[in-house]
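A quick write-up on the structure given underneath.
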Amino acid sequence: MSDIIEKKHKPSLNFMGYKNVIRDMKELSKGFKMLLLVGGIVLIFFGFFSIDVYKEEAGFIVPDNLKYMVGSHFAPFKQYINAFLHGSPLGEAGTTIALASTILYSINGFAAFTGLFAVAMIVSGKTSQFFWGLINAILFASFALVAGNIGDFLGQSMLVLGAPLGWYLFNFVYKEGHARTIRDLDKWWLRLACVLGALVVIVGLCFGWYYLIPAAYEGIFKLEYTIPDTQHFFDGVANGIAMFGYFMQLGFISEQFWIWEFINIFKILMYSPVGMGDQYVITIIIQYIVWTALSGYGLYKLQLIPIYEMLKAKRKIQST
C-alpha cells in the first residue's frame, strides 16, 4: 500500500518544460504578450504573403496548368514555380522537388512564430524555453534546408540534439538560479583573458563552419555546392558565432546576450537582399528584428543594468 502511495505522489518528469508552457505564458508581462501576439500575426501573414511575385522569364516557359501562379502574392505559389523551373538546393527542377521545396519553405512563418516564444522564455528565465526552442529548431532546420543555408540546417539540427542537455542543466544543475557572469572574476586580466579567448574560439568556429558547409552539402545531396559566395560567407560566420553563443547558454553565462544581439543583427543581413539577393526571406528578417528587440531586453536586464550598478557603486565608494 505504501509503495502505491509513493508512486502516486511521485512527481512526473517535466521533460523540456512542456508542462509549464501555459503557466509561463500567463506569467509574461503585458508588453511581452502584446509583442508576441502582434509579432506572431505578422510573421504568419508574411509566411504566406510574398511582396515580390514570380514573373515570366525569357527562356523559361511556364506550363499552362501553372499560369495561375504567375503574378500571385501567395508565397507558396512563387516558391513552387521557382523550384519547378529552376530547381532548389534540394535538387534539380521538376514536380517532386517543387512540391518538397514549397512545403519546407512554407514552414518559415511557423518557425519564426515559435522562435518568438523561445526567445521570450529565455529572456524571462522560463523552463518552457527548451520546449519552444526544440520546436523552433526542428521547423527552422527544415526551412534552412530548402533555403540553401546548410550551415543553419546543421546548426539547428545540433540544437535539436543538444536541447535535452540544456534542459537538464537548467533544471537539475543550475536550478533556475542566477546566471554566471565574467564580471564575477576578481582580476581584470582574467576577464580580459576570457574575452580574448572567446574571440579566438569564435574565429576558429567560423572558419570551421565555412569549410564544413560545402563538404556537408555535397555529402548530403550528392550535388555540387553552387550557393553564392556571399550567402556561403554569412552562413559560415553566423553558425560559428551562434554555436559559441549556444555553448554560453549551456554554461548559463549571462554574457551570451552580447552574442545573441550581434547574431540577430547579422542574420537580418543574412536573410536580406544583402545576403540572399532576390531570394531574401521577409518572414525571417522580421523574426530577427523582433528577436533583436527581445535579446536587447535581455542584454539590458542582465548586462547593462548590472554594469551600471557596479560603476555607480564604485563611484560612491570613491567619493566617500
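The values are calculated or read from the model by the stated rules, or taken from the named source; none is laboratory data. Given the structure is predicted, the values throughout are model-derived calculations rather than measurements. Backbone-built Cβ (ideal geometry, glycine too); neighbour counts: all protein chains shown. When the accessible area is computed, the model is the full protein with side chains, heavy atoms only, and any ligands, DNA or RNA have been set aside. Shrake-Rupley method; radii C 1.70, N 1.55, O 1.52, S 1.80 Å.
What is the range 254-320's relative contact order, in percent, from Cα pairs under 8 angstrom and six or more apart in sequence? Once divided by the residue count of the range 254-320, the mean separation gives 37 percent. In the elastic network of the chain, a GNM with C-alpha springs shorter than 10 Å, the most mobile of A83, A242, A93 is A93.
Across the chain, Cα pairs under 8 Å and at least six residues apart give a relative contact order of 16 percent. In plain terms, the chain is cut at each of the trypsin sites (Lys or Arg not before Pro) found in a DSSP loop with at most 14 other Cβ atoms within 10 Å, and the longest leftover piece is 56-174.
Taking 30 Å as the limit for the C-alpha separation, the pairs K187/K312; K30/K78; K78/K301 exceed it in the case of K30/K78; K78/K301. For L199, the accessible surface of its heavy atoms amounts to roughly 100 Å² (probe 1.4 Å, protein chains only, rounded to the nearest 10). Normalised by the number of residues in the range 30-166, the average gap of Cα pairs under 8 Å and 6 or more apart makes the relative contact order 20 percent. Rg and Dmax, both from the Cα atoms of the range 18-319 and both in Å, are 21.2, 81. With the other protein chains left in place, how much accessible area per residue, in square angstrom, belongs to the chain at a 1.4 angstrom probe? About 53 Å² of surface per residue is accessible.
If you roll a 1.4 angstrom probe over the protein chains with everything in place, what fraction of the accessible area of the chain belongs to carbon and sulfur, to the nearest %? With neighbouring chains kept in place, the figure for the chain is 69 percent. Counted as membrane-span-like here are DSSP H helices of the chain whose alpha-carbon atoms extend 18 Å or more along the helix's own axis and whose Kyte-Doolittle mean is 0.5 or above; these are 30-48, 108-124, 129-147, 150-168, 188-221, 256-270, 282-299. Computed with a 1.4 Å probe on the full set of protein chains, the accessible area for Y288 sits at about 10 Å². Of the GluC sites (Glu not before Pro) found in the range 155-250, those in coil by DSSP whose Cβ has at most 16 other Cβ atoms within 10 Å are E176, E224.
Solvent-accessible area of L302, all protein chains in place: 60 Å² (probe radius 1.4 Å, heavy atoms, ligands and nucleic acids excluded). Where a ≥ b ≥ c are the square roots of the eigenvalues of the C-alpha gyration tensor, would you call the range 25-162 rounded, which needs a/c under 1.5, or, failing that, prolate if a/b is larger than b/c, or oblate? In terms of gyration-tensor shape, oblate. Placing Y300, Y246, Y211 in order of accessible area, with the largest value first and a 1.4 Å probe, yields Y211, Y300, Y246. A 1.4 Å probe over all protein chains sorts E309, E261, E92 by accessible area into E92, E309, E261, starting with the largest. Subtracting the Cα-Cα distance of R315 and K187 from their residue separation scaled by 0.36 nm leaves 44.2 nm.
Taking every DSSP helix (H) stretch of at least 4 residues in the chain, weighting each as -39,500 (n - 2.57) and dividing the sum by the residue count yields a mean residue ellipticity at 222 nm of -22500 deg cm²/dmol.
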